[in-house]
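Student: Mind looking over this structure? Questions follow.
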Amino acid sequence: MKSRRAFMAGAVVSILPLASARATPDAMAAAIKVVTGDAVVRSGRIKLDIPPLVENGNAVPLTVSVESPMTEADHVKAIHVFNEKNPQPHVFNAVLGPRNGRAMISTRIKLADAQKVVAIAETSKGEFFSASADVIVTIAACIEDIT
């Protein structure tokens, strides 16, 4: 039977490779392809509002809005957000429906470093629209130095 210290030391060693894992532009493109498949992703109809310069990457405000009638026949089904350099490239999904009234979400996200953030809107008609923004982060988040 292992002592608690031996167990904790083993746990920290097994976590270390995960702490240094980073998304890349290629990983982000692959994550986007998982969501969109072979569909064409067009620009327009979507607005990504995120500050271009943030001091602290731990709580970056983000608003995504999409022009849509939000009717039963034509509405935004989901908003997906991706990034280039966080440990995971797929930040989140927001599932919407015609009862939402407006296709808009606001939240705060963590950003590990200066990077590109991409928002993709998926419509009930099977169309995809995207917008992106470059964000400079002076104090990174999502990175923990375990020493």
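The values are calculated or read from the model by the stated rules, or taken from the named source; none is laboratory data. This is a predicted model, so every value here is computed, not measured. All Cβ positions, even for glycine, are placed from backbone atoms using ideal geometry, and neighbour counts span all protein chains on display. Surface areas here come from the heavy atoms of the whole protein model, side chains and all, with no ligands, DNA or RNA. Shrake-Rupley method; radii C 1.70, N 1.55, O 1.52, S 1.80 Å.
Student: Considering segment 85-111 alone, what residues qualify as being surrounded by fewer than 16 Cβ atoms within 10 Å (Cβ to Cβ) and aliphatic (A, V, I, L, M)?
Tutor: Residue satisfying the conditions is 95 alone.
Student: In segment 84-108, what count of residues is obtained for those that are touching a Ser or Thr at 6+ places or on another chain (Cβ under 8 Å), among the polar types (S, T, N, Q) and in a loop (DSSP other than H, G, I, E, B)?
Tutor: So the answer is 0.
Student: Additional query: Please determine, by comparing only the residues of segment 115-126 that are touching a residue at least 40 places away in the same chain (Cβ under 8 Å) and crowded, with 17+ Cβ neighbours inside 10 Å, which one is farthest from residue 89 (Cα to Cα).
Tutor: 124
The rows are residues; the columns are (1) in contact with a Phe, Trp or Tyr (Cβ under 9 Å, 6 or more places away or on another chain); (2) open to solvent by 40 Å² or more (accessible area, probe 1.4 Å); (3) farther than 24 Å from residue 24 by Cβ; (4) without any contact (Cβ under 8 Å) to a residue 40 or more places away in the chain.
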{"site": "36", "(1), (2), (3), (4)": "yes, no, no, no"}
{"site": "71", "(1), (2), (3), (4)": "no, yes, yes, yes"}
{"site": "79", "(1), (2), (3), (4)": "yes, no, no, no"}
{"site": "113", "(1), (2), (3), (4)": "no, yes, no, no"}
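Student: Within segment 38-53, does at least one residue satisfy the condition of being open to solvent by less than 30 Å² (accessible area, probe 1.4 Å) and either among the polar types (S, T, N, Q) or in contact with a Cys (Cβ under 6 Å, 6 or more places away or on another chain) (or both)?
Tutor: Within segment 38-53, none of the residues are open to solvent by less than 30 Å² (accessible area, probe 1.4 Å) and either among the polar types (S, T, N, Q) or in contact with a Cys (Cβ under 6 Å, 6 or more places away or on another chain) (or both).
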